[in-house]
Amino acid sequence: MNRAAEIQKMYAEDERAETAISSAASMAPAPKKSKAGKVILTLFLIAVVVLALLYVVSLKTNWNVLDLSKASIAPGTEPIKASDWQAVFLTNGQVYFGKLDGTTDAYPTLEDIYYLQVQQAPIQPAQAAGGEEAVQSAETAKQQLILVKFGTELHRPMDKMYINKDHIMFFEDLSSASNVVTSIEDYKKQQEKK
């Protein structure tokens with residue numbers, strides 16, 4: 001046999017082998033697709049949808065789950081830093097300032113507490129005609145708000161308050177520029193000097 005005939009015979013055998021392999025492959029059942037892959041894909045898609053919903057909720061409502069900042073800061077302005085202090089507004093009209101903890105508990109706690117009190121300060125003492133002291137009219141008394149440290153009352157309560165969550169209307173974080181925060185920090189500095 002000549003060389004050309006041998007090469008043709010080799011190609012013919014290769015083609016028959018490939019045909020046999022391809023026909024055997026077509027007769028074999030197709031491999032089953034893994035269910036684990038579908039489950040992973042489904043869980044991934046659910047996670048993406050949930051994150052997208054949380055993103056929208058965080059931007060559009062007060063429920064800021066993803067801790068996204070809604071405020072845009074104008075160029076050249078410094079943001080006011082939040083302090084560690086909160087103002088807690090109760091259903092009885094009282095407002096307390098302090099450090100609030102456990103806001104999801106049935107009885108959140110407020111520590112390092114202060115509150116505002118209205119004080120009547122006389123503008124000028126009233127004198128009766130005979131030199132006796134007289135009752136001062138409302139026009140001659142000036143009302144001023146003073147910040148009072150909780151625990152200085154007659155019954156000397158501890159500086160920790162457990163508040164029924166149902167009696168909290170709302171609470172606010174106070175900025176470091178707040179007059180209340182400034183007054184509290186000044187009071188604390190004075191107490192450290194004593």
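Below, the figures for the structure above:
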| quantity | calculated |
| --- | --- |
| Lone unmet requirement of (1) at pLDDT below 90; (2) of a type outside the set (D, E, K, R); (3) out of contact with any Leu (no Cβ under 8 Å at 6 or more places or on another chain); (4) surrounded by 10 or more Cβ atoms within 10 Å (Cβ to Cβ) for T104 | (4) |
| Any hit, region 122-139, residues being modelled with pLDDT of 55 or more, surrounded by 12 or more Cβ atoms within 10 Å (Cβ to Cβ) and in a strand (DSSP E or B) | no |
| Close pairs (8 angstrom Cβ cut-off, 6 or more residues apart or separate chains): under 21 Å from A121 (Cβ atoms) in region 140-161, of a type in the set (S, T, Y) anywhere | L147/Y114; L147/Y115; L147/S183; L147/Y187; V148/Y114; V148/Y115; K149/Y114; K149/Y187 |
| Looking only at region 38-86, and only at residues there that are assigned to a helix (DSSP H, G or I) and modelled with pLDDT under 80, the one that is nearest to the chain's Cα centre (by Cα) | S58 |
| Count of residues meeting criterion [not hydroxyl-bearing (S, T, Y) and not in a helix (DSSP H, G or I)] in region 153-194 | 20 |
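The values are calculated or read from the model by the stated rules, or taken from the named source; none is laboratory data. Source: prediction; values computed, not measured. As a convention, Cβ positions derive from the backbone with ideal geometry for all residues, glycine included, and neighbour counts pool all protein chains shown.
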